[in-house]
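Notes follow once the structure below has been shown.
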Number of protein chains: 2
Amino acid sequence: MIEQTTFPEALKILPLGGLGEIGMNCMILEYQDEILVVDCGLLFSDLEHFGVEFVIPDFTYLIERKDKVKAIIATHGHEDHIGAISFLLKAGINCPVYASSFTTLLLKEKLKEHVHLSATDIRTFKMGETIPFTHFKVTTVSVNHSIVDSAALIIDTPVGKVIHTGDFKIDPTPFYGQTLDKSVFAKAGQEGVLLLMSDSTNVERCEHSMSESIIYQKFEQLFAAAQGLTLVSMFASNVGRMGQVFSLAKKLNKKIALSGRTMEQNVRLGMEAGYLKGAQSQVISLDEIRDYPRNEVIVLSTGSQGEYRSALVRVACGEHRQVKLQAGDTVLMSSKFIPGNERAIGQMINNLFKQGAEVLYESIHDIHVSGHATRPELKQMLELCKPKFFIPIHGEYRHLVHHSKLAAEVGIPVENIVLATSGDVIELTENSCKIVDRLEEGRVLVEGRDGKDISKVILKERRQLGEKGVVFSLMVRNAETRKIIAGPEIITRGLADQATENELVYHAKRLVKKVSDEYDSQVEQGAVDMDLQETIRVELRRYFNAQTGKKPTVLPIVLDL
Amino acid sequence: MIEQTTFPEALKILPLGGLGEIGMNCMILEYQDEILVVDCGLLFSDLEHFGVEFVIPDFTYLIERKDKVKAIIATHGHEDHIGAISFLLKAGINCPVYASSFTTLLLKEKLKEHVHLSATDIRTFKMGETIPFTHFKVTTVSVNHSIVDSAALIIDTPVGKVIHTGDFKIDPTPFYGQTLDKSVFAKAGQEGVLLLMSDSTNVERCEHSMSESIIYQKFEQLFAAAQGLTLVSMFASNVGRMGQVFSLAKKLNKKIALSGRTMEQNVRLGMEAGYLKGAQSQVISLDEIRDYPRNEVIVLSTGSQGEYRSALVRVACGEHRQVKLQAGDTVLMSSKFIPGNERAIGQMINNLFKQGAEVLYESIHDIHVSGHATRPELKQMLELCKPKFFIPIHGEYRHLVHHSKLAAEVGIPVENIVLATSGDVIELTENSCKIVDRLEEGRVLVEGRDGKDISKVILKERRQLGEKGVVFSLMVRNAETRKIIAGPEIITRGLADQATENELVYHAKRLVKKVSDEYDSQVEQGAVDMDLQETIRVELRRYFNAQTGKKPTVLPIVLDL
């Protein structure tokens, strides 16, 4: 743990998450007695088989300095930017949370599951607004992204101007809002930007990202040509995408049914934030689908990632009560395949085809555009801001490397580019930007409804159990004479099929009996040098390994009576 | 189980695997008393966390008709085509295995781990050779693929000519061998093809697949420009790709070091099959790398899929004894990312970058070409063969759907296209091709060195254990009086951290004690209506669910003494 900066006049920059991984974005800016936290998100886990639901940053550093923390500022409302705020508040950080309109609404929905909403000070900012702190002055700038009301931050600090882009793209024709205002960044560039921290997610893509509005034409063709039901799956937070569907539905005189709880919620919140005007008159319930000609209905659905038991997975398996697909229906998967979900999504697509529907998805149809800037846009951002120092953020390590190289191509001196990862402690002064230290273990695995931590020990135990099964051995010993009076009993789980198990257990019992006989004879001779429990454990592991090629977890109990 | 065809003059076609999944290809052709098995492969599992190493077809149908099985014919040497042959032989099928030269060599390596090689009748065929059986006449045709010596099969049957393409592409300039001879398929088409079964893997791609030889130019540029070590990772079976590396190394006067056991093995087998001429003089050992200027060495490595503990993963983590990367080195990932492996591969690439190396991979550099035909080639195959009936094979369900549509576009009547999945029983006559029945459960999960089956029950137990942990509860009861005389003892595993566990166990014991007191009092009153063990199980699950939001596996024992 870092206790003291080596240089008190420096601005400390500490990414707790999001640098070296895509997800759990969380960036600390610390100057003397003041800390701002930019974003506080979660990462969806690939350890869900072991009960890990998601991963959040380790907040120890903030908890140890809780009085310094003056603000959490959310750049936008995606889970990887706001999903861990409730955990940070519950950990005892008591400071205002700053967020844009739609972000505020999403945040309130999330927080009310976890904390007393009334006790949380959420301050909604307008785009372009400047929020003053003791040492910092934060100006919010509207940017384009796959969720409305996304902001970049221009932060005036005692050492100089720092820009944090948040997630962004440059969309010349967004469906909602204006295109990103380059002049704001250009102006900052002219005034002098000390440090730029910019989104690296799509740095491997070379073509300028496509505009959200190209979806409109594509959807219009597909909706107009529909012979049957049209089901559109997308992220429920993509209000701009929804807006296009509602707009087209109106134009083509179709009704919209909402499938999935968050889809219903976010249509409501979107309206509340001033989008999706008049949507309520277009919405029908899922039960009403059957009252309309099939080709006059569009179902908007969650579940684009093939999430277990999600609405779309149930539709794909023919298990959704109200939405049954048939030949002539079309499913539009209007979202990306998040890495790690490919198999689940692929399986869901196969099953949708089995229902007789036509399924269109990104890899072969242009029905999704990304919300992240690609190389040409990232280059523009670098050229507009002309920063002295550069830190690529929001990306796996390879993305950060590629973004660093791009910055060098644009002319930023290599020594002014800092390739940092989550946990690195960076010091920024007028003349230098460098990694000075590193925090220890920086991530917390979270399970269950209470956000309980899972330690590495528990995870290891679960891996063992899940891969190799468990053997439980039980004996009863006379506490006085120390002689074995009952057992062994042996139970296994996850080890082998019934017939094999019976045979294995039969021999395992004989083995334990042999050990206990040996023990008994030591007891009789009054010279016990055997740790009975441990000997049983070792012998059983050795036996099962010889028989099955695997060492299960062996739990021996010797109960003294 | 199907016992009798409804139509004895029909050819029965029974895909045991590979239709509806990518992997475990296995196709049965049965006519009266004769069965041919085309390919017999395995599928790599995504359940490795639960100890499942791979999946193979259920061979029950063949085992019940073992005397009829006259041949296993391997189209080429990939694991998804030959990997389950050893299991079929061990299951008691005793018939010759037909394979091309390189396939034979790979097969022998695989079989010698499992069966007595001397007892296996492997018959090596030449391309163009015709193998006669009682009812069938099988002619092998050389095709292009990502492994040398790949064959399609033209099978004359009593009902007509059947073509099985195996895996193929049409490469105008393969590195080894000739381009696929279209005239052979055209001739068959003129004679009349009753049924075509064709590879669907790449049906979603619209551009003609790139030639293997384009790799040569790209590699030449990269090898020539190398400042440091060049590491090329690829599938160890891709002898054509290896051949290009060896050829370029000779031209550029570089040495080649082999990393990974199968890489060494397959270079040897490649030479034995007549490829990689003179390779031995170019190879140096991994220990010798340091004896050469760094930019004069190319390391050929396995591990392109980020497999746990593979050579390349160890290099990426800096844990490979002989291969240490540094700045200036280049890693070329010359293989595709198999779906499901993206996260592991991504992590490995990130780690390779952390070693300081430049890493090039398919998504952003042209250093890999696929071995499977894309739409234009698939269309050509359909047009050459002009089949009366068509069954798309080798693909997930969506690929089969797309391939069916392509066949319809080419002019095959929709009613002559059979969209079948593994387990379907198809009958083919001169005038009809239709699914007439379906086998039950068709796949076997395999674990461990002996190829032990894992049943669904065991898998479910392991999932439960791995996700939620396990609780053992133990009591001792007097067998005569039925009174509890010891316990409860409670042990948990994978449930919670030590402190939480202690607290949970403390309360759980009190709960069990309460149950046992109730039981005791029933015993005293002589009116026992409680199943003690079951009551404890139910109560503990309820308790842990209330406390942790999860129901662990609860195993209560009541031991009678």
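The values are calculated or read from the model by the stated rules, or taken from the named source; none is laboratory data. Just so we're clear, the structure is a prediction, and the values are computed from it rather than from any experiment. Ideal geometry is used to build each Cβ from the backbone, glycine not excepted, and the neighbour counts take in all protein chains shown. Just the protein is used for accessible areas: all its heavy atoms, side chains included, with ligands, DNA and RNA removed. Shrake-Rupley method; radii C 1.70, N 1.55, O 1.52, S 1.80 Å.
Structure data summary
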{"item": "Rounded, prolate or oblate (a/c below 1.5 giving rounded, otherwise prolate when a/b exceeds b/c) for chain B by Cα gyration tensor", "result": "oblate"}
{"item": "Pseudo-label separations to other copies for B:His507 - Cα-to-Cβ vector, 7 Å, nm", "result": "4.3"}
{"item": "Rounded, prolate or oblate (a/c below 1.5 giving rounded, otherwise prolate when a/b exceeds b/c) for region B:301-454 by Cα gyration tensor", "result": "oblate"}
{"item": "Full-stretch length increase - A:Ala479, A:Glu409 - with 0.36 nm per residue and alpha-carbon distance subtracted", "result": "17.5 nm"}
{"item": "Whole-percent carbon and sulfur share, accessible surface of the protein assembly as shown, 1.4 Å", "result": "48 percent"}
{"item": "Chain B: relative contact order as a whole-number percent, Cα under 8 Å and 6+ apart", "result": "15 percent"}
{"item": "Neighbourhood charge, 13 Å Cβ-Cβ cut-off, centred on A:Phe353 and excluding it, Lys, Arg +1 and Asp, Glu -1", "result": "-1"}
{"item": "Added length on full extension, which subtracts the Cα-Cα distance from 0.36 nm per residue, B:Asp497 to B:Ser183", "result": "106.1 nm"}
{"item": "Alpha carbon convex hull of the protein assembly as shown, volume per residue in cubic angstrom", "result": "216 Å³"}
{"item": "Reachable aspartates and glutamates from A:Lys250, criterion Cα separation under 13 angstrom, eight or more residues apart if same chain", "result": "A:Glu220, A:Glu296"}
{"item": "Cleavage-rule hits (GluC sites (Glu not before Pro)) in region A:86-149: DSSP loop, at most 12 neighbouring Cβ within 10 angstrom", "result": "A:Glu113"}
{"item": "Normalised contact order of region B:156-201, rounded percent, pairs of Cα under 8 Å and 6 or more residues apart", "result": "59 percent"}
{"item": "Lysines with Cα under 28 Å of B:Lys386, excluding same-chain neighbours fewer than 8 positions away", "result": "A:Lys354, B:Lys12, B:Lys126, B:Lys137, B:Lys161, B:Lys169, B:Lys182, B:Lys187, B:Lys405, B:Lys434"}
{"item": "Surrounding net charge for A:Val313, when Lys and Arg each add one and Asp and Glu each subtract one, Cβ distance under 15 Å", "result": "+3"}
{"item": "Residue of chain B nearest the B-to-A rotation axis [by Cβ], rounded angstrom distance", "result": "B:Gly466, 1"}
{"item": "Overall form of region B:468-560 per C-alpha gyration tensor (a/c, 1.5; a/b vs b/c)", "result": "prolate"}
{"item": "1.4 Å probe, heavy atoms, protein only - residues of region B:455-472 losing at least 40 Å² accessible area vs chain alone", "result": "B:Ile458, B:Glu461, B:Arg462, B:Leu465, B:Gly466, B:Glu467, B:Phe472"}
{"item": "Average partner coverage of A:214-221, which counts Cβ from other chains inside 10 Å", "result": "0"}
{"item": "Debye, to nearest 20: dipole size of the protein assembly as shown, +1 on Lys, Arg Cβ, -1 on Asp, Glu Cβ", "result": "700 debye"}
{"item": "Per residue value of the accessible surface for the protein assembly as shown (all protein chains in place, 1.4 Å probe), Å²", "result": "40 Å²"}
{"item": "Accessible surface buried once B binds A (1.4 Å probe; total of both sides; Å²)", "result": "5900 Å²"}
{"item": "Shortest-first nm distances, B:Lys90 label point to equivalent points in other copies (7 Å, Cα→Cβ)", "result": "4.8"}
{"item": "Rounded to 5, the percent of DSSP beta bridges in region A:468-560 classed as antiparallel", "result": "45 percent"}
{"item": "Mean residue ellipticity (222 nm) of chain A, computed from DSSP H runs ≥ 4 via -39,500 (n - 2.57), nearest 500", "result": "-9500 deg cm²/dmol"}
{"item": "Between region A:321-389 and region A:508-558, the alpha-carbon center distance in angstrom", "result": "56 Å"}
{"item": "Per-copy distances of the B:Lys187 label point, shortest first, in nm (7 angstrom along Cα→Cβ)", "result": "7.8"}
{"item": "Added length on full extension, which subtracts the Cα-Cα distance from 0.36 nm per residue, A:Gln221 to A:Lys513", "result": "97.5 nm"}
{"item": "At most 15 other Cβ within 10 Å, DSSP loop - chymotrypsin sites (Phe, Trp or Tyr not before Pro), region B:257-339", "result": "B:Tyr308"}
{"item": "Cα extents of region A:4-148 along the three principal axes, largest first (Å)", "result": "47, 34, 31"}
{"item": "Whole-angstrom gap from region B:131-196 to region A:213-237, using each part's C-alpha centre", "result": "42 Å"}
{"item": "Given charges at beta-carbon only (K, R positive; D, E negative), |dipole| of region B:468-560 in Debye", "result": "400 debye"}
{"item": "For residues of A:48-54, the mean tally of beta carbons on other chains within 10 Å", "result": "4"}
{"item": "Percent antiparallel among DSSP beta bridges (both partners in chain A, rounded to 5)", "result": "50 percent"}
{"item": "Dipole magnitude of chain B, debye to nearest 20 (Cβ charges: Lys/Arg +1, Asp/Glu -1, about Cα centre)", "result": "1200 debye"}
{"item": "Solvent-accessible surface (1.4 angstrom probe) belonging to B:His399, in square angstrom, nearest 10", "result": "10 Å²"}
{"item": "Antiparallel DSSP beta bridges within the protein assembly as shown, as percent of all bridges there, nearest 5", "result": "50 percent"}
{"item": "Violating pairs (Cα-Cα greater than 28 angstrom) within the set A:Lys66/A:Lys452; A:Lys112/B:Lys550; B:Lys483/B:Lys509; A:Lys112/A:Lys254; A:Lys108/B:Lys551", "result": "A:Lys112/A:Lys254; A:Lys108/B:Lys551"}
{"item": "Sparse-neighbour loop sites [trypsin sites (Lys or Arg not before Pro); region B:357-461; at most 16 other C-beta within 10 Å; DSSP]", "result": "B:Arg449"}
{"item": "Occluded residues from region B:481-498, i.e. those whose accessible area drops by 40 Å² or more once the chain is not alone (1.4 Å probe)", "result": "B:Ile491, B:Arg493, B:Gly494, B:Asp497"}
{"item": "Region B:212-361: C-alpha pair distances exceeding 23 Å, %", "result": "28 percent"}
{"item": "Mean Cα-pair separation over length for region A:212-361, i.e. relative contact order, pairs under 8 Å, 6 or more apart, %", "result": "29 percent"}
